Amino acid sequence: MHVVVFGIFAVVLMLILLSSYRKYEYDKMAIIDRKLTCQLKGMAIIFVVLAHMTLMYYLDLKTIGNFGAIGVDIFLILSGYGIYKSYTKKGICKQFVVKRLKTIYVPFIIVVLFEVLWRFYSENAHYSLYRLITFFTGFDAKRILDGTYWYISYIILWYLIFIIVYKFSKYKILNLILLFYFAYLFKVSKFIDPVKDLSWQYSIHFIAFPIGVLVASYEGKIIKLLANNVYKLVIAILVVGSISAHYVFSYNSDYYWLYNFNVAMFFIVTAIFLQSLGFMSKFLNFVGNISYEIYLVEMQILIYINIPNLVGNKFLGNIIEILCCFAVGFILKWFIKAVQKIISKGLEITHNRFLPKSI
């Protein structure tokens, strides 16, 4: 039965993707331009949502359950790639740091505030000041509020490591060595008390962020290599690597990270190949634009709103559940933009009011 459900989901997803593909002009000077970044984010968050639906027993698909970690690797590779590209344009400055922290924390704090208030109202839950600080910073080692928020602390740590390394060193190779050294520390930190649950998540994604930085660092050389039409060879190698890693992982869970990374790279390279043909998906572009907001709300929706039970039809209910995650993510993005616009306008009015009047 689960094979049939998986087949239906696959067919529906493929029809949506194929029908939404359009020709477009891409940036030939970048391996992953802004539009492709959006496509990949859309793909990654779909993997994450489906994996969490499997975890919450909405779907009986063990294979898809592993795709959540693959989606996370895609996000981390894109983050490493993106932060290095920004660094080459602006360097490490106050604006560089503030922009990244603001992008992560403004939506996150809004969602956490709502969740804390909701638990206080519905469950009469009370938290200590220390626990609230861990909630709002994303460093909740016990993963009490939301088990998926470990990603916030992880990406913040990687951003801080990148900022410190690239602020004090201008040597490309040395910086990459340092990043991979920190990646190694994340790898060996698993099962360290008292944060072993958090550090285990760090350890299975240790390689993704520095790989993204590595790709961006040698982007020119990689573009020249890809210009020689080696996509088919690279994709073939990644397919074989992913299958091999899957079977190795089946016997030794220590190689879970290798399987995730191989499959993530397969999807990324395939997307780059489709980009080279001039194709993009409007559907993935839409989902990618709200991927972070979807990530912040999807687990809570799955926990508190079981639509398949409400409608009495598992297949239809699961489709509506996914669409509900997308809709709430879209609303959250719109709300954040509206709030930021109001705040900016208020600050501008206040600033103008206190400016000396011209004579």
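Brief remarks follow.
- Mean shadow area of the stretch 271-340, taken as a quarter of the surface of its Cα convex hull (nm²): 6.4 nm²
- Pairwise label distance in nanometres, K28 with Y181, each label 7 Å out on the Cα-Cβ vector: 4.1 nm
- With both labels modelled 7 Å from their Cα along Cα-to-Cβ, the L323 to V188 distance reads 5.2 nm.
- Across the protein chains, with a 1.4 Å probe defining accessible surface, the residues E123, E293 rank E123, E293 from largest area downward.
- Here the spin labels are modelled as points 7 Å beyond Cα on the Cα-Cβ line, and at K99 and Y256 they lie 3.6 nm apart.
- In this structure V165 has an accessible area near 10 Å², from a 1.4 Å probe over the protein heavy atoms.
- P(r) tail for the stretch 91-198: Cα pairs beyond 19 Å make up 55% of the total.
- The residues W334, W200, W257, W118, sorted by heavy-atom accessible surface at 1.4 Å with ligands and nucleic acids left out, run W334, W118, W200, W257 from largest to smallest.
- Using the Cβ-Cβ distance between K90 and V339 with R0 set to 22 Å, the FRET efficiency from 1/(1 + (r/R0)^6) comes to roughly 0.30.
- K224 accessible area, assembled protein chains, probe 1.4 Å, Å²: 150 Å²
- Accessible-area value, V188, 1.4 Å probe, nucleic acids and ligands omitted, Å²: 80 Å²
The values are calculated or read from the model by the stated rules, or taken from the named source; none is laboratory data. For clarity, every value in this text was computed on a predicted model and none was experimentally measured. FYI the Cβ positions are ideal-geometry reconstructions off the backbone, even for glycines, and counts take in every protein chain you see. Please note that ligands, DNA and RNA were not included when accessible areas were found on the heavy atoms of the full protein model with its side chains. Shrake-Rupley method; radii C 1.70, N 1.55, O 1.52, S 1.80 Å.
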